[in-house]
Each structure stands twice: as C-alpha cells, then as structure tokens.
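The values are calculated or read from the model by the stated rules, or taken from the named source; none is laboratory data. Bear in mind the structure is a predicted one, so any value in this text is a computation, not a measurement. Cβ placement follows ideal geometry from the backbone for every residue including glycine, while neighbour counts extend to all protein chains displayed. Heads up: the accessible areas ignore ligands, DNA and RNA and are worked out on the full protein's heavy atoms, side chains in. Shrake-Rupley method; radii C 1.70, N 1.55, O 1.52, S 1.80 Å.
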Amino acid sequence: ADIISTVEFNHTGELLATGDKGGRVVIFQREQESKNQPHRRGEYNVYSTFQSHEPEFDYLKSLEIEEKINKIRWLPQQNAAYFLLSTNDKTVKLWKVSERDKRPEGYNLKDEEGRLRDPSMITVLRVPVLRPMDLMVEATPRRVFANAHTYHINSISVNSDYETYMSADDLRINLWNFEITNQSFNIVDIKPANMEELTEVITAAEFHPHHCNTFVYSSSKGTIRLCDMRTAALCDRHAKFFEEPEDPSNRSFFSEIISSISDVKFSHSGRYIMTRDYLTVKVWDLNMENRPIETYQVHDYLRSKLCSLYENDCIFDKFECVWNGSDSVIMTGSYNNFFRMFDRNTKRDVTLEASRENSKPRAILKPRKVCVGGKRRKDEISVDSLDFSKKILHTAWHPSENIIAVAATNNLYIFQDKVN
C-alpha cells in the first residue's frame, strides 16, 4: 500500500506531494532556511497526510476499483490555502489544504465543549475572541468529479485558464470546469464502433502551459497528436501529428510494445514536447512533425534483454520524464533504482542511483555505469546483475531550483545540487 505511485512539486516548489497505492496523499513542506546555517537550504518535512481515495466496488460491472492514486496536479496558489487534484482509476477529487492556528472562544449559546447552554442561565452578552492554538493542517475535499470514465484514468492536466482541467482514460478525454461536478465535456473519443477494430489507446495527455486551447495526447502506437479546441468541439481531428518513421532494420517482435509512449510533457516554454517510450526519451519541436529533434537512449543495453523483459512483464512498465526549470536538462527513470539525466546543451548524460546503501544524507552521488560485454571494470555493474524489481517510474523536478524528487518503490529520495 505504501508504494509511491506519483510525485509532484507545486508551482513554487515549497510543497511536494506524493500519492501511493493505498490511496494516501503525503505532502512535504520545505523548511525555512535557518539563520544559524544559512548555507544549508531548507529540507522537506511532512506537512500533511490524508486519505484521498478508498477502495470501491462497481456492482454493475463487478469490478474492484483500486484506491491507488494515479496522478496529482497542483493548482496555482490564490490565497493562504493550497488546492490539488488527485485521481484514481475512476474519480478525480479536488482537495483544499489549509492551516489553522487560532480558534474562536467565548460563545454565548455554546460552552467550550460545544454543547448548547441553557438560555435562562445566560445573563451577559459576550463577544467571541480568537485564541492562538497549535498549528493544525486540514485537508478537506471540495469537489468530487465522478462517473465520467468507463476506462482507467491515466492523466489529469490543469488548463492555463485555471477554470478547467482535463482527465484522460484509454479511449476518451474529458474537459471539466472546476465548479461543475455533475457533467464534463468529451473532447476526444477514439473508441471504434466495433471494439475488435481497436488498434491504439491513449496513454497520456497534457495541456499547453500558456495556450488554453491547445493540448497533446500520446498513444500506444508511439504517435503524438496536438489538438486545438478552437477548430471544433470534438477534437477527433488533430491539428498536428508527430510520428517518427520506423527504421526497417530495427523491426522486431517487440517494436510495437517498446514504441508505446508512457509519458508526454510540454516544456515550460511551450515550444517543445518531450515523450518517453520504453528505451528512449525524445524531444519534439512543435513546428516539426516528421521526426524528433533530439533522441536520448535511456537504457539501450536492454535491447538484447527484451525477450526476458517481456516474459516478466517489465516491458509494460510506464516510465515518466520531467524537465528542469529552464528546459535545459531532462530526467527519467530506469531499473536497478537508476535514474538518468541528459543535458540538452552539452549532450552529456549521467546515470545515478537512488538507494539507501548509496544515499547517505549530504553524500555526493557517484555516477554509475552499466557494461554489456564480458569484461567489467571495477566500478561498473553488469547488465545481467541489474535488479528489475527496483525501478524508478516517478520523478519530479523543482520548478526553479536544482532539487529533484525520485520515488523508488516505497522510498522517496530528494536530491539537490552541491552547494559550496
């Protein structure tokens, strides 16, 4: 139940939310810098924990609905409270997280315990006052958006107008207004009339960071569609279609499976799209549809292992990818608790490991290398000894600083760049 299933920084980076398989959301808050140690930047400590989703049962379909949190998305902060969306396979919830450090005392009609007093005993009129109390962080559900998805929700994305958001499942994408819970508007529907003709499913979807009319969604066929909501109410016809032609020499039994896109992300600038498939991360320019402008091999050494990865179902793992705040570095996960970083300017890349043995607080991470051949250097790890049960699927990057959050099974690691 405590396996982390999503990680997300808020817009300022002061808060970090994680969701897990047990339906819980844990929010970490960055501590303020202390005057005694100004060089030590604030650490993240638990701020609030609450149960977002419970297991349910769909009696009509005889289906169990897991409580696992699939995605969390923060709304920009408008006042003292924080708002976030969390979703499981079927239901999206809007949560308000607020602080209380004062409580009203001195009511006329109620005593301090909250019981009603006898009116005949009230002889004076009192003005209630606010007294300080220990800080309490409360999470309250403000909206529940349910009953709109036949299939499992894989993505939610808040629009830049901050009035609407979308939720995507395998075959449909719905547009919601934050104020209206009982209806949504279907903007994409790729369900064929005959389900036997089904050839692809939607794997991820995201709104453009600045243009509220534009969004992208990716498919299991390795294609990305950019849609414009101004052209038609139902965006079945895309505005742009991004696909890389397949190299016939690389064609194999696994080609279709490994080309399925597991994550799609707009850059902060809105100029580029990043996609993650099983073996690579690709960066696409919105103005060039026929091929990506950059392709990064995440773990090319697994190409020879696809058969065993297919047999143990690892080939269906859905890795996520993230940009840093300036869109110059991208990060994504791999196996053996490895995660990879690619610098787009210098073309340098590094493999790092998130594990308890190697991650002592304040220790500097050593780059790791995987060798494929028979000869292995002292600091290298053989591809045959990689642990495929340890995988980093979910990562997040602070919006403005070099602080990253990496979820490795039920552990959350937070790393930051070295401060001299």
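The phi torsions of the range 73-90, fed into the Karplus equation with coefficients 6.51, -1.76 and 1.60 and a -60° offset, translate into couplings of 9, 7, 9, x, 6, 9, 8, 5, 8, 10, 10, 9, 9, 9, 9, 9, 5, 10 Hz, rounded to whole numbers, with Gly and Pro shown as x.
The amide H of Asp277, built 1.01 Å from its N in the peptide plane, has Ser262, Lys282 as neighbours under 5 Å, considering only residues 5 or more places off or on other chains. Working note: Cα atoms of the range 251-352, range along each principal axis, descending, whole Å: 40, 31, 19. Around Pro141, what is the net charge, scoring Lys/Arg as +1 and Asp/Glu as -1 over all other residues with Cβ under 9 Å from its Cβ? Summing Lys/Arg as +1 and Asp/Glu as -1 gives +4. The range 54-102 and the range 118-151 have Cα centres spaced 20 Å apart. The GNM of the chain, with springs linking C-alpha atoms under 10 angstrom apart, assigns the highest mean-square fluctuation among Ala81, Ala396, Ala204 to Ala81. Using only side-chain charges placed at the Cβ, +1 for Lys and Arg and -1 for Asp and Glu, the dipole size of the range 58-150 relative to its Cα centre rounds to 380 debye. Using the 1.4 Å probe convention, the accessible area of the range 155-310 works out to 46 Å² per residue with neighbouring protein chains retained. Applied to the range 46-60, the Karplus parametrisation 6.51 cos²θ - 1.76 cosθ + 1.60 on θ = phi - 60° returns per-residue 3J(HN,Hα) values of 4, 9, 7, 10, 8, 8, 8, 10, 10, x, 10, 9, 8, 6, 5 Hz, with x for Gly and Pro.
The Kirkwood radius of the range 280-420, taken over pairs of alpha-carbon atoms, gives through the Stokes-Einstein law at 37 °C and 0.692 mPa s a diffusion coefficient of 202 µm² s⁻¹. Between Pro192, Pro128, Pro119, the GNM of the chain built on Cα springs shorter than 10 angstrom shows Pro119 fluctuating the most. Residues whose amide H comes within less than 5 Å of that of Cys371, counting only those at least five positions distant or on another chain, are Ile381, Ser382, Val383 (H built at 1.01 Å from N in the peptide plane).
Over the chain, DSSP H runs of length four or greater, each weighted -39,500 (n - 2.57), average out per residue to a 222 nm ellipticity of -500 deg cm²/dmol. Computed over the chain with a Gaussian network model linking Cα atoms closer than 10 Å, the most mobile of Asp277, Asp58, Asp263 is Asp58. Put simply, the C-alpha atoms of the chain give a gyration tensor, and the ellipsoid matching it has half-axes of 41, 29, 20 Å, longest first.
Other residues whose C-beta falls under 11 angstrom from the C-beta of Phe319 contribute a net charge of 0, scoring Lys and Arg +1 and Asp and Glu -1. At full extension, Val124 and Asn410 could sit 97.2 nm farther apart than now, given 0.36 nm per residue minus the alpha carbon distance. Taking Cβ separations below 4.7 Å as the criterion for a possible disulfide partner, the isolated cysteines in the chain are Cys212, Cys307, Cys314, Cys321, Cys371. The fraction of accessible area contributed by carbon and sulfur in the chain is 49 percent, rounded to a whole number (1.4 Å probe; ligands and nucleic acids excluded).
For Ala408, the amide hydrogen comes within under 5 Å of the amide hydrogens of Tyr413, counting only partners 5 or more places away or on other chains and with H modelled in the peptide plane. Over all Cα atoms in the range 1-141, the spread is summed up by Rg and Dmax: 20.7, 63 Å.
Counted over the range 322-414, the DSSP beta bridges are approximately 90% antiparallel.
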